[in-house]
Amino acid sequence: MSRLWWAALGAVAVLVLELVGSARGVAALGALAALAGVWTAVVSGLGGMRDGCRDLAFAPRLAAPLTRLAFGVRVAGSVLRVDVGADATTYELVGEGTLRIRHFGDVVDLEPGTPVRLNTPSQSEPGPRPSQPPGRSPREVRAAWGD
């Protein structure tokens, strides 16, 4: 499985642990903070959302087992609905005014009530696996613990 899949799974595990903990009397604020962290991990990771200096930018990529991710973001008094699929993403602005975003670096101007569907570019091959720097090769667990 890809790293994105494991990251999403880990984020969900943290949320579940926090919610179980809050059911046993742990402060609800901890669960709320965990939920915010999970939302940030999913939207920034899988949704590829970046709030940079210029425009709100997206570069969404779903991990292989996932087929869809949908979320909303409140921006400048409107709501931007993002629906990520395996090969395309649909953006829809709900509210007033227009919104400029970036999709994989391309500038897109959104109008309220007009969904825009944009293809996800194919990923390039990752290239050869990087090698460990000299003197930094991983040690076996037993050697690391002194056994």
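Descriptive notes on the structure:
- Segment 103-114, residues that are exposed (fewer than 15 other Cβ atoms within 10 Å of the Cβ) and assigned to a loop (DSSP other than H, G, I, E, B): Gly105, Glu111, Gly113, Thr114
- Matching residues in segment 115-141 - criterion: being free of Cβ contacts under 8 Å to residues at least 24 places away in the same chain and either surrounded by 11 or more Cβ atoms within 10 Å (Cβ to Cβ) or of a type in the set (D, E, K, R) (or both): Pro121, Glu125, Arg129, Arg136, Arg139, Glu140
The numbers here are math on the coordinates, done by the rules we state, and not lab data. Everything numeric in this text was worked out from a predicted model, so none of it was measured. Don't worry about glycine lacking a Cβ; one is built from the backbone with ideal geometry, like all the others, and counts go over all protein chains shown.
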